[in-house]
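Contents: one structure, followed by commentary.
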């Protein structure tokens, strides 16, 4: 445990006098704020009990003197305000990191498409075709849904990707859809989604374009890897 200096506010003179091996010193102005000396300098810590888990927490606030006494108090008080509101900033940060890790690990459309592309490449003798296969997805699909996890893609969302392409380049749209279909069929076969949204995207696209009095020049919904 640390020691209190007469329950008075910690001063720079006292902080600078700390040596490696000395006990941590509490600041008498902010509850739980202490300065711990070690071989590389002194480090600020705020000790508190989590209002979420009930466990003791040690929040690192930086090194002294880079983080001044005033700065350390300001950081500590900001955390204290969160604690008063029933929040544990360390607990919430851990949850955010876990969510970020899960999101990073989730298979996105682009990751799946590149995997499918690599699996199909050995069967293609034409390198130009192999480049065009992934190229259409890079141009028309990845910018819109490439970063999205496979299990949240919907027929309407896929139709929205294809619709503007159909209006300008019917043949390109048809090939793009075939390649999207191949990716989603692969994903379905490997258990990454419950259904292939491309099986319904043609219907969605037709319905949306009919509302604009435009007929899509599509060629049906058959599955091809071309």
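Among the numbered conditions (1) surrounded by 14 or more Cβ atoms within 10 Å (Cβ to Cβ); (2) at pLDDT below 95, the only one that residue 73 does not meet is (2).
Exactly one residue out of 62, 86 is assigned by TED's automatic domain parsing to the domain that holds residue 32, on the phi > 0 side of the Ramachandran plot, at pLDDT 90 or above and in a loop (DSSP other than H, G, I, E, B): that is 86. Across the range 89-147, the qualifying residues are those that are in a loop (DSSP other than H, G, I, E, B) and under 25 Å from residue 189 (Cα atoms), and the one among them that is modelled with the lowest pLDDT is 106.
The values are calculated or read from the model by the stated rules, or taken from the named source; none is laboratory data. Here the structure is a predicted model, which means the values were calculated and not measured. When we count neighbours, we look across all protein chains shown, and the Cβ atoms used for this are built from the backbone with ideal geometry, even at glycine.
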